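Structure, as C-alpha cells:
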Amino acid sequence: MRRVTSLQMVLLVLLVAFIVVPLLMPVIFSFSVYWQDILPEGFTLQWYERFLSKPATSRSLTVSLIVASSAVALNLVIAVPAGYAMARMRGRARRFLVAVARILPLVLPPVVVGTALLLAFSGPPLAISGTIWMVIIAHTLLGFPFMIRNTLASFDTLDVNTLSEAAQSLGANLWQRLRYVILPNVAPGVLAGALLVFAISIGEFEVTSMVAGFEAQTLPLQLFQQIRNDMRIASAISAFLVYVSLVCFLGMTWLSAYLRERRG
C-alpha cells in the first residue's frame, strides 16, 4: 500500500481548505452577533429568524421550493420514459440521442439558454415570460442533462429488453412493466438525479435573473438583493443554500454507494 508523504498531506489539506473555507464563511457569519476582526463574536439565530420572517425572503423561499419541486417532477415525467426508450434502442440512433440529451444543454452558455427562453415564451400563444411557469421551464431544462445522465446510468445496469420481454410474456402491459419491474430497479439512480436537479434549481441564479418577473423571485435573486441591503440576512440565505446542497450531496453519495454495492 502506497504511503502518503508529508508534502502530499500538506497539499491535500491546503486543497480542502481552499474549497471548504470560503463555503464556511457565510455559515459562520450567519451564527455570529458581530464579526469585524479575525474571529466572530457571539452566537445568535436572529439572522435566520429575520430571513424567515421577512416577507420578501420568506416568499422567495416558498417560490424556490415550488420551482425546484416542479422541476424535479417534470424531469421525472420526461427523463424516466425517455431513458427507458433510449435504453431499449440500439445502434447509432441511440448514441446520437444520448449525446444530444447529455451534452447539448451543457455546452450552451446560460445566457444563450435564457435568451432562447425569452424569445420562445415572450409572445402569444405562450406569453409566460416573467411568471413562475417560465422559471419552472428554465430550471427543468437546466436540470434535464443531469437527470437523464443518472437515469441512463441506472438503465444501463439492467438488461432492460430481457426484463421487459419477460414481464410482457407474463401478460404485463407497458405501464405494469415500468411500475413493477423497471422502476424499482432504477429507483436509486433516478432519486440521485432528482436530488441533483433539486440542488441545481434551488441555487440557480443566472438564467433565473433573465426570465423571472417580480412575482417569481427565487431565493438566489433575493440573496443578490440582500447582499446590498443587509449582509447578515444574506449570510443566512447563503448558509441555507449550503445546507440544501450538502443534504443533496450526502443523499447522492449514499445512493451511489448503494448502487455500487448492488452491482457488486
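Please treat every number below as a calculation from the coordinates, not as lab data. Here the structure is a predicted model, which means the values were calculated and not measured. Cβ sites come from the backbone with ideal geometry, for glycine too, and all protein chains shown count toward neighbours.
List of remarks:
- Dipole magnitude of region 130-248, debye to nearest 20 (Cβ charges: Lys/Arg +1, Asp/Glu -1, about Cα centre): 160 debye
- Sorted from longest to shortest, the spans of the Cα atoms of region 166-233 along the three principal axes equal 64, 23, 15 Å.
- Projecting the Cα atoms of 157, 129, 257 onto the dipole axis of region 54-263, where Lys and Arg carry +1 and Asp and Glu carry -1 at the beta carbon, places 157 farthest toward the positive end.
- For residue 101, the shell of other residues with beta-carbons less than 13 Å away shows a net charge of +4, using +1 for Lys and Arg and -1 for Asp and Glu.
- What the phi angles of region 115-124 give under the Karplus curve with 6.51, -1.76 and 1.60, with θ = phi - 60°, is a coupling list of 5, 4, 5, 5, 5, 7, 10, 8, x, x Hz, glycine and proline written as x.
- Note on residue 20 and residue 163: the extension gain reaches 47.0 nm, defined as 0.36 nm multiplied by sequence separation minus the Cα-Cα distance.
- 222 nm mean residue ellipticity, helices alone, for the chain (DSSP H n ≥ 4; -39,500 (n - 2.57); rounded to 500): -26000 deg cm²/dmol
- Simple point charges give the picture: +1 on the Cβ of Lys and Arg, -1 on the Cβ of Asp and Glu, and for the chain a dipole about the Cα centre of about 920 debye.
- Model label points for residue 180 and residue 97, set 7 angstrom from Cα along the Cα-to-Cβ axis, are 2.6 nm apart.
- Order of 136, 148, 78 under a 10 Å beta carbon neighbour criterion, fewest first: 78, 136, 148
- Shown for 243, 258: other C-beta atoms within 10 Å of each C-beta, ranked fewest to most, produce the order 243, 258.
- Summed side-chain charge close to residue 220 - residues other than residue 220 whose Cβ falls under 12 Å, Lys, Arg +1, Asp, Glu -1: -2
- Rg of the Cα atoms in region 131-264, relative to 2.2 N^0.38 Å, amounts to 1.37.
- Mean-square fluctuations from a GNM of the chain, with a 10 angstrom spring cutoff on Cα atoms, peak among 158, 11, 195 at 11.
- Cβ-based exposure ranking for 247, 113, in which fewest neighbours within 10 Å come first: 247, 113
- Per-pair calculated FRET efficiency, R0 = 25 Å: residue 257 and residue 228 via Cβ, rounded to 0.05: 0.05
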